[in-house]
Ligand code: C2O
């Protein structure tokens, strides 16, 4: 009791106490820590880093759920059945024509498609549990790979002993691409339609007001007025019921149509923002996609950091660091918004909002289809951001990336091994997306509000303790011009092509905590109410609880946060080139203020944690 009271107090005090602790010694210590980390990271790049085999063969443990007062050791079994036949190598299909994935909001009136879609899922759901193509096992595939059920392997199949994790790194996009690729193939084969495609949930589309709503196809009934009258099992002229899709799906009842997914969704501000007009949401959404997709030039910024046989994002000792790209961070918001948030009736939050359960909602696969589509769109975007202005956006070309292998079950229930290098072009996999040129161009050409914050740099109180607390905190960022040394390890052709960013290194994030914070440059007065669509805004970080719960009463009993393996250590990167340009910071050597605005869920899990600590904050070029 005493401890919690103290924690709460120090939250409240953090701002004031920062002023007294701003001593030169601390400053020195902070920059010393930064360089130590750099040296360690350099030394920690041994020649032994190899591509990973992400396989569901071999050791598998149940996925841990949060302890309750009554029960300490709780878990859910997500392990997949062992392959019954010899494992195959994936071969790229012979592509005669491309299958076209279409936007879910445009499919509401396509009776033939909706019926096919429903039938395919009904059949998938009816498959027995030992069939890896069953809906249960499709969910388990995501659950086990996102929650470290398996051990990481080398390509020769020996294990590294590290838990296997497909999020927080460059594997995020290719792995999810192949997850839904096989999911779609299985659905198609169940209805004998090899051309079947998943619909994509086109939430970035601000042109059509229905695009960002939960599409009709995922609701219990098709509600469109234009829906043709049908004879059906629900009466002579009843609406068609999406039989399998809705039953048992837990979603936030406040987020049903006509509500539109706000891509800057903040659960703690939900009441305040309930009156936002559609125009406000639309503008904020465009700004968010612009920052999280358009503003990312390098593979590192968009796809995330490396994942190889040295990567272990979960252990406290000699930890290596996960790093999500803009794609992943942006995508987390939809998970959060569709899910139930704090619903005491479902203590495990069995919904889109936690990775463990997200794959149980069919909207998950269509959400990821849009993430996958945006990956294609991103690669074709012009640069116009680096000083050079002509950098080509492309995937990593590292050996460790290209040779990384995943295993999935295909439409014949055979286990196949897929190499990342075969996943990078969707055309080669035989599918494409209906072009959404007009809607895409809205966020590509977005202009944030031009207001520039005015303040005197010398007046700003910057924090020297490397902690992100409950209140907005400002830090000082030292800057320098890019040099040849900064080019190393990047895909830029010259220093003029480097994309500038700010990185929070080694942020310790409780695994079960929903975390979101926004970052502004030279905006020390930014608060939770500050509009994200400002010149000074550089983006958001979101972390989904990859286990469970944000339930208030359980939250009081939480004890496990101090266990080392309950934290993830992440690097969190924001791209700054465009914002600096907007703010008129043209000199490479001008230091800037970085202000972090935390948007944690009130009463959510981890609310009692004093602060998220990190090892250093620095400028980095990619
Ligand atoms: Cu594996 Cu949308 O998450």
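Derivation of every value follows stated rules applied to the coordinates shown; laboratory data play no part. Just so you know, these numbers come straight off a predicted model, no measurement behind them. In this analysis, Cβ positions are derived from the backbone assuming ideal geometry, glycine residues included, and neighbour counts consider all displayed protein chains.
Test of understanding: ordering 404, 171 by Cβ neighbours within 10 Å, fewest first, what list do you get?
Placing the least packed residue first, the sequence is 171, 404.
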Query raised in the report: When 379, 456 are ordered from fewest to most other Cβ atoms inside 10 Å of their Cβ, what list results?
Result: 456, 379
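Please rank 390, 183, fewest neighbouring Cβ atoms within 10 Å first, as an exposure proxy.
On the way: 390 11, 183 26.
Taking fewest neighbouring Cβ atoms as first place, the list is 390, 183.
What Kirkwood Rh does region 417-520 have if only Cα atoms enter the pairwise 1/r average? Answer in Å. Don't skip to the end; give the middle numbers.
Values: mean 1/r = 0.0509 Å⁻¹.
That comes to 19.7 Å for region 417-520.
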Requested in this report: Using only the alpha carbons of region 105-179, determine the length spanned along each of the three principal axes and report them from longest to shortest in whole angstroms.
Outcome: 50, 29, 20
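Could you tell me the relative contact order of region 410-514? Use alpha-carbon pairs under 8 Å, at least six residues apart, and round to a whole percent. Mind showing how you got there, number by number?
On the way: 25 pairs, mean separation 10.9, N = 105.
Here the relative contact order equals 10 percent.
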Report summary line: If each part is reduced to its alpha-carbon centroid, region 406-455 and region 509-533 end up apart, in Å, by 26 Å
Report summary line: Projected onto their principal axes, the Cα atoms of region 51-107 stretch, largest extent first, over whole-Å spans of 57, 40, 26
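So if we plug the beta-carbon distance of residue 57 and residue 277 into 1/(1 + (r/R0)^6) with R0 = 41 Å, what FRET efficiency do we get, rounded to 0.05? Walk me through the intermediate numbers first.
Numbers: r = 52 Å, r/R0 = 1.28.
After rounding, the FRET efficiency stands at 0.20.
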Query raised in the report: So what is the relative contact order of region 281-422, in percent, for Cα pairs below 8 Å that sit 6 or more residues apart?
Result: 18 percent
